[in-house]
Amino acid sequence: MASTPTSGTQKQIERVGDSAHEAIDRAAQTASHYAEEWMDMKDTWVEGAREYVREHPVAALGIAAAAGYILSLLMRSRG
């Protein structure tokens, strides 16, 4: 036979639930803040890369070719 919680137990359960909701809300707010920072940083890096490619197209092509070659060697060694 199941018993019903007493009013003291019910209040304790509600406090725990409220605390959990507050913790989740704080975590979501913090994650949102960090996501905004990462997006701003990504935009900064992308713009910097675009400027570098515009100013040094031959060097950028060489870097891309070298990176592709290294990645192909890494992928080949795994397979």
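Determine whether SER7 is modelled with pLDDT of 90 or more and of a type in the set (S, T, N, Q).
no
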Exercise. Using beta carbons and a limit of 6 Å, which pairs, at least six apart or on different chains, have the first residue in region 2-31 and exposed (fewer than 10 other Cβ atoms within 10 Å of the Cβ) and the second one at pLDDT 90 or above?
Worked result: none
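Would you mind stating whether MET41 is exposed (fewer than 10 other Cβ atoms within 10 Å of the Cβ), out of contact with any strand residue (DSSP E or B) (no Cβ under 6 Å at 6 or more places or on another chain) and aliphatic (A, V, I, L, M)? It would help to see each step written out before you state the result.
Details: exposed (fewer than 10 other Cβ atoms within 10 Å of the Cβ): no; out of contact with any strand residue (DSSP E or B) (no Cβ under 6 Å at 6 or more places or on another chain): yes; aliphatic (A, V, I, L, M): yes.
So MET41 fails the test.
Taking SER72, is it of a type outside the set (Lys, Arg), over 26 Å from the mean Cα position of the chain (by Cα) and exposed (fewer than 10 other Cβ atoms within 10 Å of the Cβ)?
On the way: of a type outside the set (Lys, Arg): yes; over 26 Å from the mean Cα position of the chain (by Cα): yes; exposed (fewer than 10 other Cβ atoms within 10 Å of the Cβ): no.
Judged against the criteria, SER72 is not a match.
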Exercise. Do we have ARG50 as loosely packed, with under 10 Cβ neighbours inside 10 Å and part of a helix (DSSP H, G or I) here?
Worked result: no
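The values are calculated or read from the model by the stated rules, or taken from the named source; none is laboratory data. Remember, predicted model here, so these are calculated numbers, not experimental data. Cβ atoms come from the backbone with ideal geometry, glycine included; neighbour counts cover every protein chain shown.
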